[in-house]
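Structure first, commentary second.
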Amino acid sequence: MPLQTLKPSIHGVGESLLSVKQRAFLLPKQWRSIPAEKNRCDLRITVARGGNGVDGFGGKYGEVSRRNGVGMKDVDMATLGNLCVDIVLDVPSLPPARKDEKFAYMERLEASPPDKKHWEAGGNCNLAIAAARLGLHCASLGHVGDEIYGHFLLDVLREEGIDFVDMNENIESICRESISYQTLLCWVLVDPFQKHGFCSRADFSDEPMFNWMRELSAKAKIAIQLSKILFCNGYAFDEFSSDIIISALCCAIDMGTAVFFDPGPRARTLLLGLPQQQRALELFLRHSDVLLFTADEAESLTGITNPIQAGQELLKKGAHTTWVIIKMGGKGSILITNSSIICAPAFKVNVVDTVGCGDSFTAAIGYGFLHDISPVSTLILANAVGAATATGCGAGRNVADIDKVSKLLSQSNLNEDDNFWRDLISENLENPDILLVSRVETINGQHKDGVIRLPIQHALYEILPKLNTVCDRKVTQV
């Protein structure tokens, strides 16, 4: 169905009826590639003092990049590591909690490889596929083995139009048959109550899975140089040493590449981890352009239970952080900037599977960040993409497509839990500009309880034409 037929009924409120403050929230924030030495000069000192020998400011790669300039960036988003194959199985009960019993459980699963119908691309493939379906040019940086699972993963990426960059340049020194070289598998186990359990070999290793990888490869550095965004999450630490991950961060900064970081469930593990992991976490929190957390993850890093206040604390500590985003699951999400707080309720959908929803959400944040879309419209789009993914079974190739996202936006069926948002916002009324997205049409920016309410229809004026353009481009390519 052509997207033009999905235009919502948004003619009830005219643009002229928006207040000055409401209009301000709809102004786009243009993405810019910012010279590193002007904005993050303190990282040069931090890296040098660490004495870990990674390439960063002052290293050969940094000097060459500053001398030759950043150059053209033709990749929209590159993901760092976390490439795996999900094996999705229905099980009578989730694996046991004890580590030794859980490991034995996983070995029994591995002893009889399941049918290929249970395989799916997982990890950062979810984000890359969702971003590619929004029209972004994506590259996945990482390692996959030369076996059936690795071949499957590469085929999926190729079919979705995603580039793959192998971060290993010393293949001959590694035994291809060793487990540490093979593609990482993640067992996604679903019990009769639709509860999920996850296990992989990374859960049982004290060392990163690819600890034979000693440094960031030249191919990876070039890919980061050519990318507008580098995305990294906490699972990268399961695969690579902290030195390699810090090196990727420094490379991105040298090259004027924006950094997105989502520590995920590894937030507390990194906070309490080895000194080098703690240092890597500190550097990412300080030097990322966009930070993404769940409310629990933000609390674990700050000790602050109120997600808005926790986000503000993380924003305050960031040297160059533009957006801090708090994901609130079925309630919605919050985007915090230096000048405003934006709250967007989630969309009401029939939830089938939540795997991949956060990855899809992040893909849309990247799309808005790069395409001159206002923060409020970006947040609404991200909620829609995440919700659309929740209506399907599993992630990977099952993440949302653009038609499903457009239908959700057009219906604008928000989960408006007024009591939840009222209680949350009431603790933050000292902030001058708090915006809450609503289906309710307001005249001249009527405020209630000190909160600016913005009808979602006005954000759709901005979002839907962008999606129409993506759809038209895809049709032309076909």
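When the Cα convex hull of the range 292-343 is projected onto planes of every orientation, the mean area is 3.2 nm². For the range 280-411, the alpha-carbon radius of gyration amounts to 1.03 times the rule-of-thumb value 2.2 N^0.38 Å expected for a compact globular protein. When only the Cβ of Lys, Arg, Asp and Glu is charged (+1, +1, -1, -1), the dipole of the range 317-419 relative to its Cα centre reaches about 140 debye. Name the shape class, rounded, prolate or oblate, that the alpha-carbon gyration tensor gives for the range 75-161, where a ≥ b ≥ c are the square roots of its eigenvalues, rounded holds for a/c under 1.5, and otherwise prolate holds if a/b is larger than b/c and oblate otherwise. Prolate is the answer for the range 75-161, as a/c is 1.5 or above and a/b outweighs b/c. Cross-link check: pairs Lys228/Lys404; Lys316/Lys348; Lys407/Lys466; Lys348/Lys407; Lys73/Lys221; Lys73/Lys407 evaluated at a Cα-Cα cut-off of 21 Å; pairs beyond the cut-off: Lys228/Lys404; Lys316/Lys348; Lys73/Lys407.
The tail of the calculated P(r) for the range 260-313, taken as Cα-Cα distances beyond 12 Å, holds 62 percent of the pairs. The convex hull built on the alpha-carbon positions of the range 73-231 has an orientation-averaged projected area of 10.2 nm². Counting Lys and Arg as +1 and Asp and Glu as -1 over every other residue whose Cβ lies under 10 Å from the Cβ of Leu414, the net charge comes to 0.
For Lys316, the accessible surface of its heavy atoms amounts to roughly 150 Å² (probe 1.4 Å, protein chains only, rounded to the nearest 10). Of the peptides 385-393, 136-144, the order by per-residue mean of other Cβ atoms within 10 Å, starting with the highest, comes out as 136-144, 385-393. Quick one: of Lys117/Lys219; Lys117/Lys195; Lys99/Lys327, which pairs are farther than 31 Å apart, Cα to Cα? Violating the 31 Å Cα-Cα cut-off are Lys117/Lys219. Measuring nothing but protein heavy atoms, the accessible surface of the range 211-306 at 1.4 Å probe radius is 52 percent carbon and sulfur. Per residue, the Cα convex hull of the range 172-287 amounts to 132 Å³.
The values are calculated or read from the model by the stated rules, or taken from the named source; none is laboratory data. Predicted model, so just to flag it, every value in this text is computed and none were measured. Every residue, glycine as well, gets a Cβ built from its backbone with ideal geometry; the counts of neighbours run over all protein chains shown. Just the protein is used for accessible areas: all its heavy atoms, side chains included, with ligands, DNA and RNA removed. Shrake-Rupley method; radii C 1.70, N 1.55, O 1.52, S 1.80 Å.
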